[in-house]
Amino acid sequence: MKKLILCLLLSGPAVGQDPGDSGRDRAAMEWFRDAKLGIFIHWGYSAVNGTEISWPLWHGQTSHADYLAQAEGFTAARYDPAAWARLFKETGARYAVLTSKHHDGVAMWETKQSRLNVVEKTPAARDLVGPYCSAMRDAGLKVGLYFSLCDWSHPDYEVPFSRANSPSGEYVTEDYPQKEEEELPSWERFLSYCRAQMRELHELYRPDLWWLDGDWEHSAEEWKAADLRDSLRSWNPGVLINSRLRGYGDYRTPEQDPPLSPPEPPWELCMTMNDTWAYRPSDTSYKSSREIVRIFVECLGGGGNLLLNVGPKPDGTIPEEQVDRLEDLGRWIRKHEEAVYSTVAGLPAGYFYGPSAVADDSLTVYLYLFDIPREFVALKGLRTPVKRIRVVGKEESLNWFVRDSMPWNDIPGIVYMAVPERLLDETVTVLAVELEEPVRWK
């Protein structure tokens, strides 16, 4: 539906709102609206000990020194970004987002702003962001970079936990050589460092999408959020920015659970396969492939995307449990591709008891069946004449009829469809209701 109205979208914290912003790139926003699936990649030091990324520092589960000591085991010895790209492409993803720097401050490229990077501190001893960007683009995927605004290792960034690594109880580090700026107030010095790292990432890799995080500890004014957004767009006018910049961005990013009331599109649900973002072998609480497909379908029905997470091991390989689920999702998407891409949010609640979506040309309504129907499937309030109903992925038409239609009394009736069990998909069945004219409902 190219007549899609692109609205201002804000992230969770309702501050820094900028309703006057009109600088979004329309083509980029339409691409994002159609992309539907991205892959999130949380990779870093924490994979060595198999804990969550960064957060053990905040919760006091490890010391700062012990967390950084994991660098010794971070090898990336089997890192094959081309294999990642093939897997993501086969899954049906249109973009990927890699943690270039999480809250722990560890840069996954050779930044000139800090020695705390994988090139200087780990056996990997090489840039890991550049090969990722090249491989994704070679596979036809858009490149996203996650970047944490906060940095829990930077001496000018205040944190509520100890970073002491000396007998005096102080934080002694030479990882942040900013001597030429030592006369600046500490917050200004930190902002300068943060902006400089983002400028490096732009100049080296020119990301299509910035996935910012860590904005919650400071206000929009402190972050100079509007100025940063404008800078990112001036560097690359077609870039997309999520709204975890105190609301100064292009799309909302709800987390983990599909929103009960979806925001105005475009939006994106970021979600783990188990309970943690980074590689954690002790976390075996994996969602089944069926759960993941169903959640993906809920995103489709609400007009949003799914950013599904993987957490590679220290050697760069993706755990088998995660690969299996990506492959299962890919099989379902390939079978139901017409009901995935080039669709928009479906009918309001109550018209159909399940998610639905509408084709871009408004001539097909897609109904997603989570369960085996008993006798029939019902669609209420449809004002457009039905031409044909079929199961996506199958050729034969379904039997259907309209009951209790009274158009002279403004009652459209109920469309009943019979769906033979032999036509049902083992995960989620999709019905295509083809219409004589663009869809209208009561």
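Nothing in this text is a laboratory measurement; each read-out follows from the coordinates by a stated rule. In this text the structure is predicted, and so the values were computed from the model without any measurement. Positions of Cβ are backbone-derived with ideal geometry, glycine not excepted, and every protein chain shown enters the neighbour counts.
Determine the alpha carbon to alpha carbon distance for each of LYS101/LYS287; LYS224/LYS287; LYS121/LYS142 and list only those over 32 Å. Checking Cα-Cα distances, LYS224/LYS287 exceed 32 Å. Taking other C-beta atoms within 10 Å as the exposure proxy, ILE333, ILE53 rank ILE333, ILE53 from fewest upward. Using a Gaussian network model of the chain whose springs link C-alpha atoms within less than 10 Å, name the residue from GLY302, GLY73, GLY105 with the highest mean-square fluctuation. Of GLY302, GLY73, GLY105, the most mobile in the Gaussian network model is GLY73. For the Cα atoms of the chain, what angle does the longest principal axis make with the long axis of helix 129-138, in degrees from 0 to 90, nearest 10? Between the helix axis and the principal axis of the chain, the angle is about 30 degrees. Mind checking the angle between helix 289-301 and the chain's longest principal axis? C-alpha axes, 0 to 90 degrees, to the nearest 10. Roughly 80 degrees between the two axes. Angle between the Cα long axis of helix 320-335 and the longest principal axis of the chain, 0 to 90 degrees, nearest 10? It works out to around 30 degrees. Expressed in units of 2.2 N^0.38 Å, where N is the residue count, the Cα radius of gyration of the chain is 1.08. In the chain, helices alone account for a calculated mean residue ellipticity at 222 nm of -7000 deg cm²/dmol, with every DSSP H run of four or more residues adding -39,500 (n - 2.57).
DSSP assigns beta bridges within the range 26-339; of those with both partners inside it, close to 5 percent run antiparallel. The distance separating the Cα centre of the range 55-85 from that of the range 102-122 comes to 11 Å.
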